[in-house]
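Written below as structure tokens is the structure these notes are about.
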Amino acid sequence: MAYSDKVIEHYNNPRNVGQMDKNSTAVGTGLVGAPECGDVMRLQIQVNPETRVIEDAKFKTFGCGSAIASSSLATEWVKGKTVDEALEIKNTDIVKELALPPVKIHCSVLAEDAIRAAIGDWKKKNVVAGEPASAPVAVAAN
Amino acid sequence: MSTVLSEPKLPAGVKLPIYMDNHATTAMDPRVLEAMIPFFSNKFGNAASRNHSFGWEAEQAVDLAREQIAKLIGATAKEIIFTSGATESNNLAIKGIGEMYRERGNHIITQVTEHKAVLDTCKRMEKQGYRVTYLPVNADGLIEMEDLKRAIDDKTILVTIMAANNEIGVIQPVAEIGKLCHERGILFHTDAVQAVGKIPVDVNAMNIDVLSLTAHKIYGPKGVGALYVRRRNPRVQIAAQMDGGGHERGMRSGTLNVPGIVGLGKACEIARLEMAEETEKLLAMRDRLRKKLESNLDFIHVNGSMEHHLPGNLNMSFIHVEGESLLMGINDIAVSSGSACTSATLEPSYVLKALGLGDDVAHSSIRFGLGRFNTPAEVDYVADKVVDVVRKLRELSPLYEMAKEGIDLTKVQWQAH
């Protein structure tokens, strides 16, 4: 499997690796995937309650190089966006940016799921009147 | 491709990339190549040409190779049938016996960790009206003799069980299987591709009736293999699967690949003469690798019985690290992984799953295949590099973090996708 330079670059220098306090109301956590499938992503966001801007993001990923790169890229992209803007990020954008081959598209799907799950978790903690409490993708219980 | 900014200083005896995937194939031994070269140029005769010196020269070379191969496995030269490799040998053995002994019965017994060349051949036999029993293996990767005894019935014509496994290096109880089959009057075929030349194999002492082997796993050329077919007690008959000039006692038509056969013969001779010494060297290197990895990393798992094991094999799972990402980090080392991401089917290794390991453990597995040309310095380099990359990837792994916090990962509700 030949990797694109961008995948290799993210793999060698993953951005925003780490953990946030998942119990904090300002933090939304998305844990997607399953160990038996060979990839698990945890993406966390810290959101400013006033501006709804994602001020920080962290991730950890168990998975192949493309899964690591996809989630690393996702943390870069969500930072500085409002939660609504972040929901606009599509897996196809990730595929394009990282030049993922067809067999690795599921890695980008998982990254999109992780963003949605993290935002869903944050919204659940910060129920806003007139807005659904959770995003389409549920958060894995842990 | 990424560019290397500065060449790090390498210890003596290490040259990158390091090849440690000797179950996939092996480098040709220079002595083998040397023996083959004349048969690509001036000694080009057809071994089946009976009426001139070109043919005699080729035939003589082929006869010598037959002797060399036979000697390695305790057979006689006439019992060696040349093929294009082990896949053909396995196909010829199973289909040829199935066809020849169809009137006696239609039941074949094999086991679940066989190579696809055996499993898929058996599946085809099922479509053609044969019954196939696939024996399970225990957590060590070994079949249980009791299971085999129970599986045999009055329609059983063939037991085909590998000598040593290509992924986990586990050696099946070949002599016991042979003895049982012999007592019950059932033919015993073994795919001995990984075992021949690596551990002692004796077709008489082990009651093997038919045996597949190939050159490129024992430092010989690709594209040539052999099938041992017993001639006495019992005389095994195999229906040819290709029609043609009736070469190889009518079992395998086609002009002989003389240079390849010469290479296979030479490779067998070297293996026979050097096996004892080589085994000691391989065992020392493998144990060194294992110890280094085990003393520097937690959450690692050795796959397959270490008691019944090929000297050059080590299959380990680095739990909470996905195999393909590990391979990516050690890209100057050639090894294999049981991870789904590295397979064409996107399924994790069926061999590891057969041991009862979870998919997650299979995804995390690496197969190290040590061979004749590896050095202790390479082993040290590989161990250090693997430790380094596993640690780095575990820093990235949510599973490792959760496991360290004491979370039972089997209790988490994952979202399979």
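The values are calculated or read from the model by the stated rules, or taken from the named source; none is laboratory data. The structure presented is a predicted model; accordingly, all values stated were derived computationally and were not measured. Here Cβ is always computed from backbone atoms with ideal geometry, including for glycine, and neighbour counts include all displayed protein chains. Accessible surface is based on the protein model in full, side chains and every heavy atom, while ligands, DNA and RNA are left aside. Shrake-Rupley method; radii C 1.70, N 1.55, O 1.52, S 1.80 Å.
A few notes on this one:
- Any hit, segment B:75-86, residues being surrounded by fewer than 22 Cβ atoms within 10 Å (Cβ to Cβ) and outside any loop (DSSP other than H, G, I, E, B): yes
- Subset of segment A:31-45 (residues that are free of Cβ contacts under 8 Å to residues at least 40 places away in the same chain, crowded, with 24+ Cβ neighbours inside 10 Å and more than 16 Å from B:GLU401 (Cβ to Cβ)): A:GLY38
- Checked against the criterion of being hydroxyl-bearing (Ser, Thr, Tyr), surrounded by 14 or more Cβ atoms within 10 Å (Cβ to Cβ) and not in a strand (DSSP E or B), the candidates B:THR113, B:THR190, B:THR133 yield just one match: B:THR113.
- Within segment B:300-316, not a single residue is among the small types (Gly, Ala, Ser), open to solvent by less than 50 Å² (accessible area, probe 1.4 Å) and under 24 Å from B:ASP408 (Cα atoms).
- Taking segment A:1-30 as the range and being within 13 Å of A:GLY65 (Cα to Cα) and buried (at least 20 other Cβ atoms within 10 Å of the Cβ) as the test, the residues that pass are A:TYR3, A:VAL7, A:HIS10, A:TYR11, A:PRO14.
- Selection count, segment A:12-45, where residues are more than 8 Å from every other protein chain (Cβ to nearest Cβ), of a type in the set (Lys, Arg) and not in a loop (DSSP other than H, G, I, E, B): 0
- Count - residues of segment B:219-257 that are within 24 Å of B:GLY178 (Cα to Cα) and buried (at least 24 other Cβ atoms within 10 Å of the Cβ): 6
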